[in-house]
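S.K.: Below is the structure I would like to discuss, written out as structure tokens.
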Amino acid sequence: MILVTGATGLNGKELLRRLSARGVAVRALVRNPAKAGAIAALPQVEIVQGDMARPETLTAALRDVDRAMLISSSDPMMLDVQSNFIDAAGKAGVKHIVKLSGIMPELDSAFRFARMHGEIEKRLEASGMAFTHLRAGEFMAAYFRQVPAIVAKGAMFLPMDDARIASIDVGDIADIAADVLTSSGHEGKTYPLTGPEALTMTQVAEKLSAATGKTIRYVNVPPEAARQAQLAAGMPPYLADALFELFAERRNGKEAKVWPDAGALLARPPTSFDEFARRNASVFRGEAPPPQV
Ligand SMILES: NC(=O)c1ccc[n+]([C@@H]2O[C@H](COP(=O)([O-])OP(=O)(O)OC[C@H]3O[C@@H](n4cnc5c(N)ncnc54)[C@H](OP(=O)(O)O)[C@@H]3O)[C@@H](O)[C@H]2O)c1
């Protein structure tokens, strides 16, 4: 049995769709069954309720599980929640955990979630279970957060200067995760996953303009102004501070490298930003609701 955590989130849902389409029986860990509607309707998907913040609730979810996909939210609990899951999975006899990690999980990173991913990776490596780290770069879906500004002002406002970033399509991560969970040879491996090109925000805006047929500009904003705008929009201070740290790393070029691993694992070129923008042109024109990010 395969268990997918983070099952109601961006990556978890995509992964469940792929495993279901391949006819693989899979269990989805869901903390709030009211959110499970779309995935519960997928063939071969069994929903089990549990909260990784409360390991005692994971017994049913972990019964007879051989392999698990570990995903949770970028929030203050991420380190505790994922550590709990690793400990509970080890006790339950899980053999292999595939972890969705960050592209730069350094223990001394200036970005708090990178440090947490680094600690979680180390805990998993020391657990005695097999592990595979999927170190993902920025999700292309992150640009859906820019849709309100694009629709209202024809611009995306980001504190990126002229730094480049090699973002990846969540569908590619899901294809790779589905392969890793259903085949062998990935034990003990770490895969940095990016898209096929590192783009400046000016190039991202040009690609969104070409796909939508509308002029979309990139406006560079000072980091502190970006943080104040997020706070004014209601973002919790913890997350606004985390993004402040993240964009400082990005401006330093920390996510500018294009890695070959995604293409090698997919046996095809990873999805380009042009393809992503074309596929979601109606979202960026404001004609379809942005998928949740
Ligand atoms: N954003 C990026 O560009 C990026 C890039 C690389 C890596 N990452 C990493 O990717 C991960 C997030 O992935 P995502 O965007 O696919 O997730 P997401 O859409 O934020 O969803 C998080 C999922 O985790 C579940 N979850 C959180 N806490 C839980 C708990 N205590 N027990 C059970 N389930 C819990 C959530 O359940 P509910 O629906 O109940 O909340 C939800 O299903 C983070 O670790 C982040 O650091 C992000």
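S.K.: Can you give me the orientation-averaged projected area of the convex hull built on the Cα atoms of region 189-268, in nm²?
M.R.: If I average the Cα hull's projected area over directions, I get 7.6 nm².
S.K.: Find how many whole Å separate the alpha carbon centroid of region 167-218 from the alpha carbon centroid of region 1-75.
M.R.: 23 Å
S.K.: Next question, about the same structure. Obtain the radius of gyration and the Kirkwood radius of region 117-227 from its C-alpha atoms and give Rg over Rh.
M.R.: Checking Rg against Rh, the ratio lands at 1.09.
S.K.: Counting only heavy atoms of the protein chains, get the accessible area per residue of the chain (1.4 Å probe) and round it to a whole Å² value.
M.R.: Here the residues of the chain average 44 Å² of exposed surface.
S.K.: Could you go through region 136-147 in sequence order and give the Karplus-derived ³J(HN,Hα) for each residue, using 6.51 cos²θ - 1.76 cosθ + 1.60 with θ = phi - 60°, rounded to whole Hz, and x for Gly and Pro?
M.R.: Whole-Hz 3J(HN,Hα) from phi for region 136-147: 8, x, 3, 6, 4, 4, 4, 6, 4, 5, 7, 4.
S.K.: Then there's this: Using amide H atoms built 1.01 Å from N in the peptide plane, name the residues 5+ places from Phe139, or on other chains, whose amide H lies under 5 Å from its own.
M.R.: Residues meeting the amide H criterion: Ile168.
S.K.: In units of 2.2 N^0.38 Å, what is the alpha-carbon radius of gyration of region 1-136? Each step should come with its number before you reach the end.
M.R.: On the way: Rg = 14.1 Å, N = 136, 2.2 N^0.38 = 14.2 Å.
So region 1-136 has a normalised radius of gyration of 0.99.
S.K.: When all protein chains stay in place, what accessible area (Å², nearest 10, 1.4 Å probe) is found for Ile150?
M.R.: Its accessible surface works out to 10 Å², give or take rounding.
S.K.: Keeping to pairs on different chains or 8 or more places apart, tell me how many lysine pairs in the chain have Cα atoms under 16 Å apart.
M.R.: 7
S.K.: Plugging the Kirkwood radius over Cα pairs into Stokes-Einstein for the chain, at a temperature of 20 °C and a viscosity of 1.002 mPa s, what D comes out in µm²/s?
M.R.: In µm²/s, the coefficient rounds to 109.
S.K.: With all pairs of different alpha carbon atoms counted, what Kirkwood hydrodynamic radius in Å does region 155-220 show?
M.R.: On the way: mean 1/r = 0.0707 Å⁻¹.
So the Kirkwood estimate lands at 14.1 Å.
S.K.: Cα atoms only, region 239-293: Rg and Dmax in Å?
M.R.: That works out to 15.3, 38 Å for Rg and Dmax.
S.K.: In addition: May I ask for the Rg/Rh ratio of region 133-180, computed from Cα atoms with Rh as the Kirkwood radius, given to two decimals?
M.R.: 1.09
S.K.: How big is Rg to Rh over region 40-111, alpha-carbon atoms, Rh as the Kirkwood inverse-mean-distance radius? Write out the running numbers ahead of the final one.
M.R.: Working: Rg = 13.6 Å, Rh = 13.6 Å.
Checking Rg against Rh, the ratio lands at 1.00.
S.K.: Now a separate question. Give me the extension gain from Ala60 to Ser272: residue separation times 0.36 nm, minus the current Cα-Cα distance, reported in nm with one decimal.
M.R.: Extra length available between Ala60 and Ser272 comes to 72.3 nm.
S.K.: For region 276-281, in order, what is each residue's ³J(HN,Hα) by Karplus, 6.51 cos²θ - 1.76 cosθ + 1.60 with θ = phi - 60°, in whole Hz (x at glycine and Pro)?
M.R.: Karplus values, whole Hz, x for Gly and Pro: 4, 5, 5, 4, 10, 4.
S.K.: Sticking with this structure for a sec: In nm, give the distance between the simple-model label positions of Lys214 and Ala264, each being 7 Å from the Cα along the Cα-to-Cβ direction.
M.R.: So the two model labels end up 4.1 nm from each other.
S.K.: Run the accessible area of the chain with a 1.4 Å probe and give the carbon-and-sulfur part as a rounded percent.
M.R.: Answer for the chain: carbon and sulfur cover 53 percent of the accessible area.
S.K.: Provide the descending list of Cα extents for region 55-94 along its principal axes, expressed in whole angstroms.
M.R.: Rounded to whole Å, the extents work out to 30, 19, 14 Å.
S.K.: Leaving ligands, DNA and RNA out of it, work out the accessible area of Ser109 with a 1.4 Å probe and give it in Å² to the nearest 10.
M.R.: In the full protein context, Ser109 sits at about 10 Å².
S.K.: If DNA, RNA and ligands are ignored and the probe is 1.4 Å, what is the ranking of Thr190, Thr5, Thr200 by accessible area, most exposed first? Can you show the working numbers first?
M.R.: Values: Thr190 55, Thr5 0, Thr200 20 Å².
Of Thr190, Thr5, Thr200, the descending order of accessible area is Thr190, Thr200, Thr5.
The values are calculated or read from the model by the stated rules, or taken from the named source; none is laboratory data. Quantities reported herein were computed from a predicted structural model and do not represent experimental measurements. All Cβ positions, glycine included, derive from the backbone under ideal geometry; neighbour counts span all protein chains shown. Remember, those area values only see protein heavy atoms, side chains included, never the ligands or the DNA or RNA. Shrake-Rupley method; radii C 1.70, N 1.55, O 1.52, S 1.80 Å.
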